[in-house]
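> Quick one: the structure is below, and I'll ask about it shortly.
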Amino acid sequence: MEYEETEKKLTAGKVVRIVATVFVFVVIGLFVIRCWMVADKSRFSDPIPTDALRSAWADGESGMLTVKISAELAKDGYFSAYGFYFNPESGEAQFAVRWNRSVYSYTDMPEGHEFTFYLLNETTGAVYPASAVESASMSIYQYRRMIAEGVSVGEDEQLTAVMELRDEFDSRQVLKYAEQPFNEYRLKGKLLKQLAP
């Protein structure tokens, strides 16, 4: 009889340990998935062929410039801009933006409201409206691929992405600092084939 009680206690103890271990691994797994989602900026991170880019590339001489965006998020954390590409010949700039759906509640905007984005040349004060050409959503994030036309930005000028949240309230993220040089982006693969005449 004493042996049966000890066996039951051991079995109950084992069950509690197994449940606790499974719980810990589930929590760790959820944490890893959440970290992966926060870091994922693969959507819209490559340039796409557009009519302006095709026209500029017609002679095969035009190139694209890019910069390594140093800020992970806007200073206030409302959005993130990444995947910036600029073609000086056509004046077209492509970039992607991502924001958490919680921004809607912070700004008192209805879920699904389309925020306005533009590029601001901080050196000259020129503003270049951006249009969303693709959109996607994943879990708690909204993604947009943006294109701005007529952009003019020199090596020694600062370019900032701006998200208008509501009247007189916006969020800003620097894409290119004035002292930051452009890097040449080598067109390759599928994009190069799509631009070929």
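> With respect to THR21, determine if the residue is over 19 Å from TYR118 (Cβ atoms), of a type in the set (Ser, Thr, Tyr), open to solvent by less than 90 Å² (accessible area, probe 1.4 Å) and modelled with pLDDT of 90 or more.
no
> Kindly list, by first and then second residue, each pair from a residue in segment 62-75 that is of a type in the set (Val, Ile, Thr) to a residue that is crowded, with 16+ Cβ neighbours inside 10 Å and modelled with pLDDT under 90, limited to pairs with Cβ atoms under 7 Å and residues at least 6 apart or on different chains.
THR66/TYR185
> Give the residues of segment 103-119 that are part of a loop (DSSP other than H, G, I, E, B) and open to solvent by less than 70 Å² (accessible area, probe 1.4 Å), sorted by residue number.
Once the filter is applied, which keeps residues that are part of a loop (DSSP other than H, G, I, E, B) and open to solvent by less than 70 Å² (accessible area, probe 1.4 Å), segment 103-119 yields THR107, MET109, GLY112, HIS113, PHE115.
The rows are residues; the columns are (1) modelled with pLDDT of 90 or more; (2) open to solvent by less than 30 Å² (accessible area, probe 1.4 Å).
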site: LEU65; (1), (2): yes, no
site: GLU72; (1), (2): no, no
site: GLU92; (1), (2): yes, yes
site: ASN121; (1), (2): yes, yes
site: THR124; (1), (2): yes, no
site: ASP156; (1), (2): yes, no
site: VAL162; (1), (2): yes, yes
site: ARG166; (1), (2): no, no
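> Looking only at segment 126-144, how many residues end up being within 15 Å of the chain's Cα centre (by Cα), surrounded by 12 or more Cβ atoms within 10 Å (Cβ to Cβ) and outside any strand (DSSP E or B)?
1
> Identify all residues within segment 3-18 that are open to solvent by less than 90 Å² (accessible area, probe 1.4 Å) and at pLDDT 60 or above; write none if there are none.
THR11, ALA12, GLY13, VAL15
The values are calculated or read from the model by the stated rules, or taken from the named source; none is laboratory data. Bear in mind the structure is a predicted one, so any value in this text is a computation, not a measurement. Positions of Cβ are backbone-derived with ideal geometry, glycine not excepted, and every protein chain shown enters the neighbour counts. These accessible areas exclude ligands, DNA and RNA; they are computed on the full protein's heavy atoms, side chains included. Shrake-Rupley method; radii C 1.70, N 1.55, O 1.52, S 1.80 Å.
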